[in-house]
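**Q** Please see the structure below; I have some questions.
The values are calculated or read from the model by the stated rules, or taken from the named source; none is laboratory data. Small disclaimer: the values here were computed from a predicted structure and weren't measured. Glycine gets a Cβ as well: all are built from the backbone with ideal geometry, and neighbour counts include every protein chain shown. Side chains included, ligands, DNA and RNA excluded: accessible areas come from the protein's heavy atoms. Shrake-Rupley method; radii C 1.70, N 1.55, O 1.52, S 1.80 Å.
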Amino acid sequence: MIKACLSELCASCCSCVLPPSSPRAADQEMASDGAITHRSVDVNGVRLHVAEAGPAGAPAALLLHGFPEVWYTWRHQMRALAAAGYRAVAPDMRGYGGSDAPPGGPDQYTALHVVGDLVALIDSLGEKQVFVVAHDWGAMIAWSLCLFRPDRVKALVALSVPFSPRSPARKPVDGLKALYGDEYYICRIQEPGAIEAEFARLGTELVLRKFFTYRTPGPLFIPKSGWGSPDDEVPLPSWITEEDIKYYAAQFDKSGFTGGLNYYRALNKTWELTSPWTGAEIKVPTKFIVGDVDLSYHVAGAHDFINKGGLKKFVPLLDDVVVMKDVGHFINEEKPEEISAHIISFIKKFD
């Protein structure tokens, strides 16, 4: 989950297989049905776990997850894309799930590092260009991929997080702290180890429930006094099951949260390294989709930026903006059939 201040940090769906609690058992089951297979790929000095669906020779669509997710967030879209004749490729991003978590701390998680992983992954697929579909932090990285290497992307479908032009005036975390204070969740994440300790106190499953069920159209705060009690009961919405939560929890119990949290901790370092791209435009055909109760849609200035020309100014090939009514942040899971249909109808224009 990511939400950033714009002024500062300026697919028909087949039914999913419900996963057993063991990630290895889930991977074996999904591979055996012929729809989703799993392998490891060495790229850019790290080994990525990659899930795939669809024929190897088909046009490739790279699906990029956010926090706190893994490849599994795309399970619905992967089968839909494969059924439509595409090769869906969904990695666990560096630091997540079955992929390596590079040592060296947050400086190994800048946008340049992660885009490097993706370019090498595209090379490993034998593709010059791919379609990209991305959500949350995946969308942040996808915007950077399109900014740094537009030659590798046929078209982009970005979910939840719009492009944020780089502001030369102030580092993004500094701006967020000034706007929301120290208990704003991105600010709380900055101190290595502190939020990990809070998550350990609550337990992995409860942390995931709190994130996946957050539907307040406003900023998320994690108080220093604690993000509730380990005994909190958080009922799940209909679109995510107990089995889904157990699968996610098994992945984060294996990898820990630190890899995913390091993306937030690298925000200021990415800002420093991307000065040459200040004012640059995204020159890739794009569709943007967001839910109207997504916290990312309620950043100060976001409505006007997205709907009144700001996004189009920086993404001149923006084809469409879709705002889905009464939909939250985890849009591809909450509305899998609609999102799959949007993805497929858009990328078919560029086959």
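**Q** Output wanted: per-residue J couplings in Hz (rounded whole) for segment 164-178, from phi through Karplus 6.51 cos²θ - 1.76 cosθ + 1.60, θ = phi - 60°, x for Gly and Pro.
**A** Values per residue, Gly and Pro as x: 10, x, 5, 8, x, 7, 7, 5, x, 5, 4, x, 5, 5, 5 Hz.
**Q** Of the accessible area of the chain, with the probe set at 1.4 angstrom, what percent is carbon plus sulfur?
**A** Answer for the chain: carbon and sulfur cover 51 percent of the accessible area.
**Q** Structure shown: which of LYS177/LYS210; LYS283/LYS348; LYS246/LYS325; LYS269/LYS349 lie over 25 Å apart, alpha-carbon to alpha-carbon? Spell out each step's value before the answer.
**A** Numbers: LYS177/LYS210 22 Å; LYS283/LYS348 19 Å; LYS246/LYS325 29 Å; LYS269/LYS349 37 Å.
As for pairs spanning more than 25 Å Cα to Cα, those are LYS246/LYS325; LYS269/LYS349.
**Q** Also, I was wondering about something else. Under 5 Å between amide hydrogens, which residues at least 5 positions from VAL130 or on another chain qualify, with H placed 1.01 Å from N in the peptide plane?
**A** Result for VAL130 returns VAL153, LYS154.
**Q** First check a/c for segment 185-238, with a ≥ b ≥ c the square roots of the eigenvalues of its C-alpha gyration tensor; if it is under 1.5, answer rounded, and if not, answer prolate when a/b is larger than b/c or oblate otherwise. Let's see the in-between values first.
**A** Working: a/c = 2.06, a/b = 1.29, b/c = 1.60.
It is oblate, given that a/c is not under 1.5 and a/b is not larger than b/c.
**Q** Set the Förster radius R0 to 45 Å, insert the Cβ-Cβ distance between ASP253 and LYS313 as r into 1/(1 + (r/R0)^6), and round the FRET efficiency to 0.05.
**A** Calculated transfer efficiency: 0.55.
**Q** Of HIS38, PRO103, ILE240, which is farthest towards the positive pole of the chain's charge dipole, taken about the Cα centre with +1 and -1 on the beta-carbons of Lys, Arg and Asp, Glu respectively?
**A** The residue sitting most towards the positive pole is PRO103.
**Q** Shifting gears a bit: FRET efficiency for ALA341 and ASP42, Cβ-Cβ distance as r, R0 = 41 Å, nearest 0.05?
**A** Details: r = 35 Å, r/R0 = 0.85.
In this case the efficiency is close to 0.70.
**Q** Right, next: Give me the 1.4 Å probe accessible area per residue for the chain, excluding ligands and nucleic acids, in Å².
**A** In whole numbers, the chain has 36 Å² accessible per residue.
**Q** Residue by residue through segment 267-282, what is 3J(HN,Hα) from phi via Karplus (6.51 cos²θ - 1.76 cosθ + 1.60, θ = phi - 60°)? Round to whole Hz and write x for glycine and proline.
**A** Coupling constants for segment 267-282: 4, 5, 5, 4, 4, 4, 7, 9, 3, x, 9, 4, x, 6, 9, 8 Hz.
**Q** What distance in nm lies between label points placed 7 Å from Cα along the C-beta direction at ARG215 and VAL322?
**A** Distance between the two pseudo-spin positions: 2.0 nm.
**Q** Only four residue types carry charge here, +1 at the Cβ of Lys and Arg and -1 at the Cβ of Asp and Glu. Report the dipole size of the chain about the Cα centre in Debye, rounded to the nearest 20.
**A** In total the dipole reaches around 1000 debye.
**Q** If a/c stays under 1.5 just call it rounded; otherwise compare a/b with b/c (prolate if a/b is bigger, oblate if not). Do that for the chain, with a ≥ b ≥ c from the square roots of the Cα gyration tensor eigenvalues.
**A** Numbers: a/c = 1.33, a/b = 1.06, b/c = 1.26.
Rounded is the answer for the chain, as its axis ratio a/c remains below 1.5.
**Q** Additional query: Please list, ordered by chain and number, the residues whose modelled amide H lies under 5 Å from the amide H of VAL43; skip anything fewer than 5 residues away on the same chain.
**A** It is LEU48, by chain and number.
**Q** Could I ask something else about it? Which whole-number percent is the relative contact order of segment 33-348 (Cα, under 8 Å, 6+ apart)?
**A** After rounding, I find 21 percent.
**Q** Continuing with this model, one more query. For the chain, what does the helix formula give at 222 nm: sum of -39500 (n - 2.57) over DSSP H segments with n ≥ 4, over the residue count, nearest 500 deg cm²/dmol?
**A** About -10500 deg cm²/dmol.
**Q** So for the chain: antiparallel DSSP bridges make up what percent, rounded to the nearest 5?
**A** Of all bridge pairs located within the chain, approximately 35 percent are antiparallel.
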